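The values are calculated or read from the model by the stated rules, or taken from the named source; none is laboratory data. Note that the structure is a prediction, hence the values are computed from the model and not measured. When we count neighbours, we look across all protein chains shown, and the Cβ atoms used for this are built from the backbone with ideal geometry, even at glycine. These accessible areas exclude ligands, DNA and RNA; they are computed on the full protein's heavy atoms, side chains included. Shrake-Rupley method; radii C 1.70, N 1.55, O 1.52, S 1.80 Å.
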Amino acid sequence: MSPEERKGLIYVALAVTFFATTPVFIVWADPMDPIVKTWGRMLVAASVVGLAAWLTTRRKADAFQPESAHTRRNATTRFLAYGLIAALHFLFYIASLSFTTAAHSLSIVYTAPIFVTILSAALLKEAVRPRQWVGVGITVLGVAILAGLEPRMTWGMAFGDLLALLSAITFGFYSVAGRYERDRYPLLVYASRVYGAAAIWLLLPALLALPSMPPAAWGWAQLLSVVALGVGPLALGHTLYNASLRRTHATYVNIIASQEVTGGIILSWLLLSQVPTPNALAGAFVTLVGIALVLK
């Protein structure tokens, strides 16, 4: 393994560390409305990554060709669509944690590679190997164990699991969009535009949700948790994750990234007292096995 490949593995391991904190910060931001949490997170990430993109492109201004007015209009339409998809992905995930446990939500959200595989085949004409279809089946079995055999399952938890599934599906579309644009825009430029568009889509719903939030939602712990969500898992975590993809084979990167499920469950256990049930652990394990087969 080359030094660059080892560096890529270090990057994705650090990214997982940031990713795993997500459910903890989301819960710590309660009783803030999920829409406001999502909007604040996207705004912070767009500002941080946008500043980094501006500083980077300033130094490399001669490496980029100026966009025509027609190209800018087309790009604006595409990025508004990508922003809507990103906004829905993060909103569904954050909202799911208001109804179900971190173990359930993370395990279901990380079925996203299944939808990436299917959507890539349908939209980008990428072939799906037989082993990947086996992985799809095993992943579905893991989710069934996770949700269907959960002794504490309620209608509220089922709704939270559904939101997590919608988050996984929208992440599939978001990932395909990222692949489509990867040769057109530098990573930081692409990410900042998507996060910024997502924040624009969420602005009006967030303003409408503000009056109904209790005073406790404006505490320092809540506000700092939202800032941490934007800087840590989103701005830093996603940047490290994408940097690792440029140095190491995508299979290894995605298998390591899926360990967010493990890290999130452990942190939620230690910091939120959400003790996972045996069925949740078994379902999470089977789901990870299926995802590994899909990614190979």
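Descriptive notes on the structure:
- Against the test of being part of a helix (DSSP H, G or I), among the hydroxyl-bearing types (Ser, Thr, Tyr) and in contact with a His (Cβ under 7 Å, 6 or more places away or on another chain), the options 195, 180, 174 yield a single qualifying residue, 174.
- Residue in the range 244-260 that is assigned to a helix (DSSP H, G or I), within 25 Å of residue 75 (Cα to Cα), at pLDDT below 90 and open to solvent by 20 Å² or more (accessible area, probe 1.4 Å) present: yes
- Pairs are defined by a Cβ separation below 7 Å, a sequence spacing of at least 6 or placement on different chains, a first member in the range 178-200 that is farther than 15 Å from residue 80 by Cβ, and a second member that is open to solvent by 20 Å² or more (accessible area, probe 1.4 Å) and hydrophobic (A, V, I, L, M, F, W, C); the pairs so defined are 179/124; 188/52.
- Residue 86 vs. criteria surrounded by 21 or more Cβ atoms within 10 Å (Cβ to Cβ) and over 13 Å from the mean Cα position of the chain (by Cα): no
- All positions within the range 178-197 that are at pLDDT below 85 and open to solvent by less than 10 Å² (accessible area, probe 1.4 Å): 181
- Only one of the numbered conditions (1) under 23 Å from residue 240 (Cβ atoms); (2) part of a loop (DSSP other than H, G, I, E, B); (3) open to solvent by less than 30 Å² (accessible area, probe 1.4 Å); (4) modelled with pLDDT under 75 is violated by residue 116, and that is (2).
- Scope the range 8-48; condition farther than 25 Å from residue 189 by Cα, open to solvent by less than 10 Å² (accessible area, probe 1.4 Å) and β-branched (Val, Ile, Thr); matching residues: 24, 26
- The residues of the range 156-189 that are closer than 20 Å to residue 76 by Cβ and within 13 Å of the chain's Cα centre (by Cα), listed by number, are 173, 174, 178.
- Residue count, the range 276-286 (criterion: open to solvent by less than 80 Å² (accessible area, probe 1.4 Å) and over 11 Å from residue 262 (Cβ atoms)): 6
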